[in-house]
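Asks: Before anything else, here's the structure in question.
We did not get these values from a lab; they are worked out from the coordinates using the rules stated. Quick caveat: nothing in here was measured; it's all calculated off a predicted structure. Please note: Cβ atoms are built from the backbone with ideal geometry, for glycine as well, and neighbour counts cover all protein chains shown.
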Amino acid sequence: MAIVAETNRFSKTSRTVLAWLVGLLFFFPIFWMILTSFKTDAVAVKPEFLFSFTPTLDNYINMTENYDYWRFAANSVITSVFATIFTLVVGIPSAYAMAFNPSRRTKDVLMWMLSTKMLPAAAVLYPMTFLTKNFLGIFDTHFLLILVLSLINLPIVVWMLFTYFKEIPREIIEAGKMDGVSTWGEVREILIPLAWGGIASTALLCFIFCWNEAYWTVRLTTTEAATLSKLIEGNRAPEGLFFGRLSAVSAAAVGPIIVLGWFCQKQLVQGLTFGAVK
Amino acid sequence: MGRIVLENVTKKFGDLEVIPPLNLTIEDGEFVVFVGPSGCGKSTLLRLIAGLEEVTSGRILIDGEDVTNIPPSKRGLAMVFQTYALYPHMSVRKNIAFPLRMAGMNEAEQNTRIEAAATALNLTDYLDRKPGQLSGGQRQRVAIGRAIVRDPTAFLFDEPLSNLDAALRVGMRLEISEMHKKLKTTMIYVTHDQVEAMTMADKIVVLQSGRVEQVGSPLDLYREPRNAFVAGFIGSPKMNFIDGEKAGTLGAHTIGVRPEHVQICPKGEGDVWQGKVGVAEHLGSDTFIHVHGIDGCDPMTVRAGGEVKINHGDTVYLSAQMDQIHKFDSEGHRVS
């Protein structure tokens, strides 16, 4: 018994140390970015001033005054919120149908949906740009971004919701049918209240994915619908790398999502483990 | 009213036929029990009547109306599930009110019915609790309450007592029986437990592999089972089946005799079998003795009095009431 206890204590300590090391390693770039955002561009590139420097807010002031930060931020909020709503509006009925009225092909449909995520985005870059710009005339619009972000996230959202809905006993839905509930009633009265936790964490993850998306938001916008990803990208391009300014822009872009994630940690963990901890 | 008729109803899952063509009539006000081993299709049959599964062919009529393609909610039936299937996010009151609310009933009428059901089912003190705060028996009462308030044409019970412990099961069995006597509504009850079937039913439907093996009152089935399957399924402990020479002398392939129709007797006084006592189960009121070493039937179960003095390894002589012997041919059909 004593030996077992010793081993456990040792492994617990070493695990704690390891966890902290890994955590710090992951956090360091963000920490470095936040530090850098308070430095001038000249100081930012010199390693000897890593910790010893005079902090300045110039980069942030410059960002809001000269780079129209708030417009980019508003675009990020608009596209992420509406894409999340649209994804759920389509995803909830789809997952409901597959979870409670499965056909012989349901598993295949789910696999097919997931397989669409395997297509390299770059492969359709040209047709997407060309068609949306010259054919449909929706290039650089909120509508286009909302549509693209929704479709990108739909497979993962349907999968997650499907997994949550599967955990609801079938009999409860059947009891609803016997009790005279309509299909919409089943969703509203039974499904959504019972899967509320799962739907919330799915929505949260979807929102984060939309917010962080950079490949399409950078390439399918110029000015009108450009999001914070585009703002970061834009600060990198014309005059070479300006670490201080770029760091301020980056910190301001990831800040909101980090704060949101911090407040919703529990929901996020639940979402990422696909309900396995329930 | 609640007369339910199944006409040539079949059900296939893919290529698997779980219910071959089946005809059955359930009269208004009857308490009918579907009984059979697991996988015999009894729950599927109930779900077909409920409308939760679609029939592959055939018709289902309720009070003369063809409901085959009508959704569950429009059939006027109420169902009680094995897992209770209560809405966990709603209080007991809201659970019971749910079907009424869905039917658009006004709140005053809803409350009158809820109060009446709660009083009848001893749920008055629990109306504001959530299902998670109730015991298994209370949950099943709520599920029954939710069914009663609708005043359905017929009640469907899908193994409602299987999740309860033995003592509660006996109590709930009585309550459901009393409820039937009071309401006089048609009830269809699915169980794998033949004791439930015998004690509750007006009419038992014995099923095997989706086929109706026999339909009849509990005592009809007990007295005159149509085949060896029904004979073995109805009655507890199980009927003893004896093959071989002894059966041959009585003109049958197999004979069956129930444990209560076999007696221990002194040697030479009409004894038919001789064997050694294996396990004796003392229940107080009865003793079930398992006797080994009998040709064609090992072990043979004998029901004896509660105070019988018997030990493991004793040699016993057994006789049977000859008028209580059931004869079956090589395919298990009854030979009269």
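Asks: Using the Kirkwood radius over Cα pairs, work out the Stokes-Einstein diffusion coefficient for the stretch A:62-108 at 25 °C and 0.890 mPa s, in µm²/s as a whole number. Walk me through the intermediate numbers first.
Replies: On the way: Rh = 13.5 Å.
Rounded to a whole number, D works out at 182 µm²/s.
Asks: Please work out whether the stretch A:1-156 counts as rounded, prolate or oblate from its C-alpha gyration tensor, where a ≥ b ≥ c are the square roots of the eigenvalues and a/c under 1.5 means rounded, while otherwise a/b larger than b/c means prolate and anything else oblate?
Replies: Numbers: a/c = 2.80, a/b = 1.16, b/c = 2.41.
Oblate.
Asks: In addition: Could you let me know the centre-to-centre spacing of the stretch B:94-145 and the stretch B:1-67, using Cα atoms, in angstrom?
Replies: 29 Å
Asks: Take the Cα radius of gyration of chain B and divide it by 2.2 N^0.38 Å, with N its residue count; two decimals is plenty. Display every interim value, and only then the final one.
Replies: Numbers: Rg = 23.5 Å, N = 336, 2.2 N^0.38 = 20.1 Å.
It is 1.17.
Asks: Another question, then. Over the stretch B:126-200, what is the relative contact order in whole percent, taking alpha-carbon pairs under 8 Å and six or more residues apart?
Replies: Result for the stretch B:126-200 is 34 percent.
Asks: First obtain the Kirkwood hydrodynamic radius of the stretch A:71-272 from its Cα pairs, then insert it into the Stokes-Einstein equation at 37 °C and 0.692 mPa s, and state the resulting D in µm² per second as a whole number.
Replies: On the way: Rh = 18.6 Å.
Using the Kirkwood radius from Cα pairs, D works out to 176 µm²/s.
Asks: So, one more: So what's the gap between the Cα centers of the stretch A:160-223 and the stretch B:219-254, to the nearest angstrom?
Replies: If we compute the Cα centre of each part, the gap is 57 Å.
Asks: With just the Cα atoms defining each centre, how far is the stretch B:305-336 from the stretch A:64-116? Give it in Å.
Replies: Cα centroid to Cα centroid, the span is 70 Å.
Asks: Going by how many other beta carbons lie within 10 Å of each one, how would you line up A:Tyr126, A:Tyr67, fewest first?
Replies: Numbers: A:Tyr126 9, A:Tyr67 17.
Ascending number of Cβ neighbours within 10 Å: A:Tyr126, A:Tyr67.
Asks: Around A:Leu228, with a cut-off of 12 angstrom between Cβ atoms, what is the net charge of the other residues, counting Lys and Arg +1 and Asp and Glu -1? If you can, show how the numbers build up before the last one.
Replies: Working: positive: A:Arg71, A:Lys230; negative: A:Asp68, A:Glu213, A:Glu233.
Around A:Leu228, the charge tally is -1.
Asks: Limiting things to C-alpha atoms, what are the Rg and the maximum Cα-Cα separation (Dmax) for the protein assembly as shown, in angstroms?
Replies: In order Rg, Dmax, the Cα atoms of the protein assembly as shown give 35.7, 118 Å.
Asks: Determine the sum of side-chain charges near B:Lys181: Lys and Arg each +1, Asp and Glu each -1, restricted to other residues whose C-beta is under 14 angstrom from that of B:Lys181. Numbers along the way, then the final one.
Replies: Values: positive: B:Arg173, B:Lys182, B:Lys184; negative: B:Glu30, B:Glu175, B:Glu178, B:Asp202.
Net charge in that neighbourhood comes out at -1.
Asks: List every residue whose amide H lies under 5 Å from the amide H of B:Gln214, counting only residues 5 or more places away in sequence or on a different chain, with H placed 1.01 Å from N in the peptide plane.
Replies: B:Val206
Asks: Kindly write out, for the stretch B:263-280 in residue order, the coupling ³J(HN,Hα) from the Karplus curve 6.51 cos²θ - 1.76 cosθ + 1.60 (θ = phi - 60°), rounded to whole Hz, with x marking Gly and Pro.
Replies: Working through the residues one at a time gives 10, 7, 9, x, 4, x, 10, x, 6, 10, 10, 10, x, 10, 6, x, 9, 10 Hz.
Asks: Let me ask something else about it. Using a ≥ b ≥ c from the Cα gyration tensor of the stretch B:48-110 (square roots of the eigenvalues), is it rounded, prolate or oblate, where a/c under 1.5 gives rounded and otherwise the larger of a/b and b/c decides, a/b for prolate? It would help to have the intermediate numbers written out before the result.
Replies: Values: a/c = 3.42, a/b = 1.73, b/c = 1.97.
Oblate is the answer for the stretch B:48-110, as a/c is 1.5 or above yet b/c matches or exceeds a/b.
Asks: Using alpha carbons only, how many degrees (0 to 90, rounded to 10) separate the axis of helix A:142-166 from the longest principal axis of chain A?
Replies: 50 degrees
Asks: Dipole magnitude of chain B about its Cα centre, charges +1 at Lys/Arg Cβ and -1 at Asp/Glu Cβ only, in debye to the nearest 20? Write out the running numbers ahead of the final one.
Replies: Numbers: 36 positive and 42 negative charges, 197 e Å.
The calculated dipole for chain B is roughly 940 debye.
Asks: So what is the relative contact order of chain A, in percent, for Cα pairs below 8 Å that sit 6 or more residues apart? Intermediate values should be presented prior to the final figure.
Replies: Values: 251 pairs, mean separation 84.5, N = 278.
Value for chain A: 30 percent.
Asks: Is the shape of the stretch B:240-330 best called rounded, prolate or oblate, per the rule: a/c under 1.5 gives rounded, else a/b larger than b/c gives prolate, else oblate, with a ≥ b ≥ c the square roots of the Cα gyration tensor eigenvalues? Could you put the intermediate results ahead of the total?
Replies: Values: a/c = 1.90, a/b = 1.76, b/c = 1.08.
The shape class here is prolate.
Asks: May I pose another question? What order do you get for A:Thr141, A:Thr223 when you list them from fewest to most C-beta neighbours inside 10 Å? Show your work: numbers first, answer last.
Replies: On the way: A:Thr141 16, A:Thr223 12.
If I rank by nearby Cβ atoms, fewest first, I get A:Thr223, A:Thr141.
Asks: Still on this structure: Only Cα pairs under 8 Å and at least 6 apart count here; give the relative contact order of chain B as a rounded whole percent.
Replies: Values: 683 pairs, mean separation 55.9, N = 336.
RCO, chain B: 17 percent.
Asks: For the Cα atoms of chain B, what angle does the longest principal axis make with the long axis of helix B:166-183, in degrees from 0 to 90, nearest 10?
Replies: The angle comes out at about 60 degrees.
Asks: What is the sum of charges, Lys and Arg at +1 and Asp and Glu at -1, for the other residues whose Cβ falls under 13 Å from the Cβ of A:Met111? Intermediate values should be presented prior to the final figure.
Replies: Values: positive: A:Arg105, A:Lys107, A:Lys117; negative: A:Asp108.
In short, +2.
Asks: For the cross-link pairs B:Lys203/B:Lys246; B:Lys238/B:Lys327; A:Lys117/A:Lys166; B:Lys11/B:Lys184, which exceed 24 Å when the distance is taken from alpha carbon to alpha carbon?
Replies: Numbers: B:Lys203/B:Lys246 34 Å; B:Lys238/B:Lys327 16 Å; A:Lys117/A:Lys166 22 Å; B:Lys11/B:Lys184 30 Å.
Pairs exceeding 24 Å: B:Lys203/B:Lys246; B:Lys11/B:Lys184.
Asks: With θ taken as phi - 60° and the coefficients 6.51, -1.76 and 1.60, list the Karplus ³J(HN,Hα) couplings across the stretch A:23-36 in order, rounded to whole Hz; mark glycine and proline as x.
Replies: x, 5, 4, 5, 7, 3, x, 5, 4, 4, 5, 5, 4, 4
Asks: Which ordering of A:Trp262, B:Trp273 is given by a fewest-first count of other beta-carbon atoms within 10 Å? Provide the component values of the computation, followed by the final result.
Replies: Details: A:Trp262 9, B:Trp273 21.
If I rank by nearby Cβ atoms, fewest first, I get A:Trp262, B:Trp273.
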